[in-house]
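What follows is one structure encoded as C-alpha cells, with my remarks underneath.
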Amino acid sequence: MPLDSTIARVTDRIRARSEAPRRRYLDQVARAAEAGPARAHLSCSNQSHAYAASGEDKLSLAQGRAPNIGIVTAYNDMLSAHQPYEHYPDLIRAAARRAGATAQVAGGVPAMCDGVTQGQPGMELSLFSRDVIALAAGVALSHNCFDAALYLGVCDKIVPGLVMAAATFGHIPAVFLPAGPMTSGMPNDEKSKVRNRFAAGEATREELMAAEMAAYHGPGTCTFYGTANTNQMLMEFMGLHLPGASFVNPNTPLREALTTAGAERAAQITALGNDYRPVADILDERAFVNGIVGLMATGGSTNLVLHLPAMARAAGILLDLEDFAEISAVTPLMAKVYPNGLADVNHFHAAGGLAFLIGELLEAGLLHPDAKTVVGDGLALYAKEPKMIDGALSWADGPATTLNDRILRPHEAPFQPEGGLKQLSGNLGRGVIKVSAVAPERHVIEAPARIFHDQEEVKAAFKAGEFTSDTVVVVRFQGPRANGMPELHSLTPTLSVLQDRGLKVALVTDGRMSGASGKVPAAIHVSPEAAEGGPIARLRDGDRVRLDANAGTLEVLAEDFDSRPAVQADLSANTHGIGRELFEVFRQNAGPSTSGAATVV
C-alpha cells in the first residue's frame with residue numbers, strides 16, 4: 001500500500017522544518033562515531049577505575065575488543081512497573097557474556113510515580129523529572145565506556161527522559177527493555193465508579209482504599225491505557241523495543257527471554273560488528289511520525305503531546321501541534337482500552353495487540369514501512385509477535401484478524417474515523433483535547449467560566465455545592481513556569497460527578513491531565529500559559545467560553561477581552577516544600593508546552 005498522502009506531506013513538512021537542527025545534530029553524531037570505540041581512548045588509570053569491580057569481565061573489558069553495554073536503569077521497588085527491573089542486570093550480564101560482550105550498570109535515574117503524587121505538591125516536580133532523567137542518564141553515559149546502551153524504564157516521564165538522553169548520545173546503539181503490565185485486577189471502570197461515589201460522599205474511605213488496592217495489586221504497569229502503557233506502544237512503533245515486547249507480563253518465561261534477547265541484540269548492533277545501528281539513524285522524522293500515528297490509532301495519553309516534541313528536539317527534529325492534528329485527522333481510532341473503553345492492556349494484548357495494529361496500519365499506508373529499527377530495516381517486523389516454542393524464543397506472524405472487535409478493530413471498520421486527539425486554537429491560545437473517550441454530544445461545550453488558581457479550590461467549591469449550572473471550569477497558573485505543570489487528574493472524579501448530574505461541564509487549563517482521564521471534555525496545555533501573560537490570564541468569572549472539539553476552537557465570547565490586563569497570581573507557595581526549592585531553575589527556563597516544556601534541549 002502506498003504511503004498515505006497526508007502522512008507523506010506531514011513528514012516532508014517536518015523534514016523541511018527540521019533541516020538545519022537535524023543537520024547540526026547528525027554532524028555531531030558523526031564526529032562522535034568517528035572517534036571509534038570509546039574505551040580505546042581512555043587512559044589505563046581511567047579504565048582501571050571503570051573495571052575495578054567487574055570480576056570475571058575484567059579481562060574482556062581491558063582488552064577492549066568485546067562490546068561493552070551500558071545499562072541505564074530506573075529501578076526502584078516503589079513503582080510497581082519498575083520493581084521487576086531489580087534482577088535485570090544479572091540477566092543482561094549473563095546474556096552479554098554468551099554473546100561475547102560485557103555489560104555494566106552505567107547509572108540509575110530517578111523514577112517517580114504520578115499515581116502517588118496526584119493532587120499532592122510532589123506532582124509539581126513530575127514533568128521536570130523527565131529532564132532530570134535525561135540529565136542523569138547523560139551523567140551515566142559520560143563515562144564514555146560503552147558501545148551500546150540498554151535503557152530500563154517504563155512510566156510516564158521516564159521513557160521520554162531516557163529517549164532524550166539516548167538521542168543525545170546518538171552514536172551509541174540503544175535498545176529499550178520494558179517490564180510489562182501487571183496482571184488484571186479490579187476492572188478499571190469499577191474502580192472509577194468507587195472513586196466517583198467517594199467524591200460524591202456516597203462511599204467510605206475504607207471502600208475506596210479496598211478498590212484501589214484491588215486495582216493496583218502487583219508488579220508491572222497499571223493496566224489502564226495511560227502514559228506508561230502509551231510509552232510502551234511508542235517504543236514499538238518507533239523501533240526501539242524488540243517486536244511484541246511491550247505488553248508481556250513480568251516474571252514470566254517470555255518476559256525473561258525478551259530481556260535476554262534485547263541484551264543480545266544490543267551486542268550485535270555496535271560499531272564493533274557488521275550491523276551498526278546508532279540510535280540517531282532510528283530516531284528520524286519517520287520514527288516520530290510513526291509514533292504519532294500509533295498515539296492516534298490507540299487513543300493514547302495526552303502527555304505524549306508534550307513528550308514527543310521534547311524527544312524529537314533532542315534528535316534535531318521539530319514537531320508542532322499541527323502535525324499531531326493532521327495525522328489525527330487521517331488515522332482511525334482502532335483500539336478501545338480504558339479510559340476509552342472497558343478493556344485493559346492485557347485484554348488489548350490478547351485481542352491481537354500491537355502486532356495486529358501495526359500490520360493493519362501498514363496495510364492502510366499510514367506508517368512508514370521503511371523506518372529503521374533496532375531489529376532491522378522495516379516496520380513489518382513489528383507485525384510479528386514473540387512466542388516461546390520448546391523453551392526457545394521465536395517470532396511468528398501476528399493475528400490477521402482481531403480476536404475481540406469490542407477492543408481492537410481493523411482500519412476499515414474502526415471505532416472512529418479519526419484519532420483520539422484534537423488541536424484547539426482561538427483567542428485563548430493553543431491547546432489540545434483528548435476526544436476518544438468523550439461522548440460526541442459533549443464535543444462542544446459553551447458555558448460561563450468559573451476561574452480557579454488551584455485544583456483544591458475547585459474541590460472546595462464542589463463540596464460547598466456551588467456548581468449548579470453548566471460551567472467551564474478554568475484552572476490557570478498551572479503551566480510549566482508557574483508550578484511545573486502538574487497533572488490535575490484528581491479533579492476527574494469531581495468533574496465526572498457534575499457531568500453525571502446532567503450538567504454541561506468542561507475543563508480549560510494551562511496544566512495537564514493524566515493519561516487516565518477521558519470522559520470530561522478538557523482543553524489542556526493551553527499556551528501561552530497564564531504565568532507568561534497568556535490570554536487565559538485575562539478570563540473572568542462569568543465569561544462565556546466555547547470549547548468546540550469538532551471545529552478545533554477554544555474561544556471566549558467577550559467583546560472587551562483583548563483590551564483587558566492579564567491577572568497576576570501569587571506563586572510563592574509553589575517555590576518551596578517537598579523539594580520544590582531545587583527546581584526553581586527549571587521553572588524559570590521551561591519552554592512553552594507547544595514545544596514540549598523542556599529545559600534541557
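The values are calculated or read from the model by the stated rules, or taken from the named source; none is laboratory data. Bear in mind the structure is a predicted one, so any value in this text is a computation, not a measurement. Cβ coordinates were reconstructed from backbone atoms using ideal geometry, including for glycine residues, and neighbour counts include every protein chain displayed.
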Selection count where residues are over 13 Å from Arg130 (Cα atoms) and in a helix (DSSP H, G or I), scope segment 291-308: 9
Does Ala413 satisfy the criteria of being more than 30 Å from Arg277 (Cα to Cα), outside the structural domain of Leu495 (by TED's automatic domain parsing) and surrounded by fewer than 19 Cβ atoms within 10 Å (Cβ to Cβ)? yes
Quick check on this structure: which one of Ala261, Ala335 is modelled with pLDDT of 95 or more, at negative phi and crowded, with 23+ Cβ neighbours inside 10 Å? Ala335
Being closer than 26 Å to Leu498 by Cβ and without any contact (Cβ under 8 Å) to a residue 24 or more places away in the chain: is that true of Ala558 here? yes
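Could you tell me whether Phe128 is closer than 21 Å to Asn589 by Cβ and aromatic (Phe, Trp, Tyr)?
Yes; evaluated as a whole, the condition is true for this residue.
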Do we find a residue being aliphatic (A, V, I, L, M) and in contact with a Leu (Cβ under 6 Å, 6 or more places away or on another chain) anywhere in segment 387-396? yes
Of the conditions (1) over 15 Å from the mean Cα position of the chain (by Cα); (2) part of a loop (DSSP other than H, G, I, E, B), Tyr225 satisfies every one except a single condition; which number is it? (1)
So how many residues does segment 51-90 have that are surrounded by 14 or more Cβ atoms within 10 Å (Cβ to Cβ) and more than 33 Å from the chain's Cα centre (by Cα)? 9
Selection from segment 359-398 of residues in a strand (DSSP E or B) and more than 26 Å from the chain's Cα centre (by Cα) yields Lys387, Met388, Ile389, Ala392, Leu393, Ser394, Trp395, Ala396, Asp397
Among the residues of segment 104-117, is there at least one that is in contact with a His (Cβ under 7 Å, 6 or more places away or on another chain) and either among the β-branched types (Val, Ile, Thr) or more than 23 Å from Asn589 (Cα to Cα) (or both)? yes
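For segment 562-601, what are the residues that are part of a loop (DSSP other than H, G, I, E, B), out of contact with any Pro (no Cβ under 7 Å at 6 or more places or on another chain) and closer than 19 Å to Ala134 by Cβ?
Quick first cut of segment 562-601, residues part of a loop (DSSP other than H, G, I, E, B) only: 564-571, 576-579, 590-592, 596-601.
Still in the list and also out of contact with any Pro (no Cβ under 7 Å at 6 or more places or on another chain): 564-571, 576, 579, 591, 598-601.
Listed by number, the residues that qualify are Gly579, Gly591, Ala598, Thr599, Val600, Val601.
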Residues being surrounded by fewer than 24 Cβ atoms within 10 Å (Cβ to Cβ) and closer than 19 Å to Glu264 by Cα: count how many of those fall in segment 168-187. 1
Answer yes if at least one residue in segment 114-132 is over 19 Å from Pro160 (Cα atoms), out of contact with any Pro (no Cβ under 7 Å at 6 or more places or on another chain) and surrounded by 22 or more Cβ atoms within 10 Å (Cβ to Cβ), and no otherwise. no
Looking at (1) touching a residue at least 60 places away in the same chain (Cβ under 8 Å); (2) more than 20 Å from Arg430 (Cβ to Cβ), can you tell me which one Asp570 breaks? (1)
Could you list, in sequence order, all residues of segment 11-27 that are surrounded by 15 or more Cβ atoms within 10 Å (Cβ to Cβ) and not basic (Lys, Arg)? Thr11, Ile14, Ser18, Pro21, Tyr25, Leu26
Contact list please: Cβ distance under 8 Å, first residue in segment 81-92 and under 13 Å from Gly180 (Cα atoms), second residue part of a helix (DSSP H, G or I) and among the hydrophobic types (A, V, I, L, M, F, W, C), pairs at least six apart or on different chains. Ala81/Ala228; His82/Ile158
Enumeration of residues in segment 124-142 that are touching a Gly at 6+ places or on another chain (Cβ under 8 Å) and in contact (Cβ under 8 Å) with a residue 60 or more places away in the chain: Glu124, Leu125, Ser126, Leu127, Phe128, Arg130, Asp131, Ala134, Ala137, Ala140, Leu141
Give segment 469-500 a look and list any residue that's of a type in the set (D, E, K, R) and at pLDDT 95 or above, or say none. Asp470, Arg476, Arg481
Taking the criterion of being touching an Asp or Glu at 6+ places or on another chain (Cβ under 8 Å), assigned to a loop (DSSP other than H, G, I, E, B) and under 20 Å from Leu421 (Cβ atoms), would at least one residue in segment 493-503 satisfy it? no
Exactly one condition in (1) within 30 Å of Ala261 (Cα to Cα); (2) surrounded by fewer than 18 Cβ atoms within 10 Å (Cβ to Cβ) is not met by Asn231; state its number. (2)
Residues in segment 399-409: is at least one in the same structural domain as Val330 (by TED's automatic domain parsing) and assigned to a strand (DSSP E or B)? no
Report yes if Val497 is touching a residue at least 60 places away in the same chain (Cβ under 8 Å), surrounded by 23 or more Cβ atoms within 10 Å (Cβ to Cβ), of a type outside the set (Ser, Thr, Tyr) and closer than 20 Å to Lys193 by Cβ, otherwise no. no
For segment 433-464 the number of residues that are over 30 Å from Gly294 (Cβ atoms) and not in a helix (DSSP H, G or I) is 10
Positions within segment 264-276 being of a type outside the set (S, T, N, Q) and either closer than 13 Å to Ala245 by Cα or without any contact (Cβ under 8 Å) to a residue 40 or more places away in the chain (or both), in sequence order: Asp275
If we scan segment 200-218, do we find a residue that is within 18 Å of Gly419 (Cβ to Cβ) and among the aliphatic types (A, V, I, L, M)? no
Between a residue in segment 56-75 that is touching a residue at least 60 places away in the same chain (Cβ under 8 Å) and any residue that is surrounded by 17 or more Cβ atoms within 10 Å (Cβ to Cβ) and of a type in the set (Asp, Glu), which pairs come within a Cβ distance under 6 Å, given they are 6 or more apart or on different chains? Pro67/Asp147; Asn68/Asp147
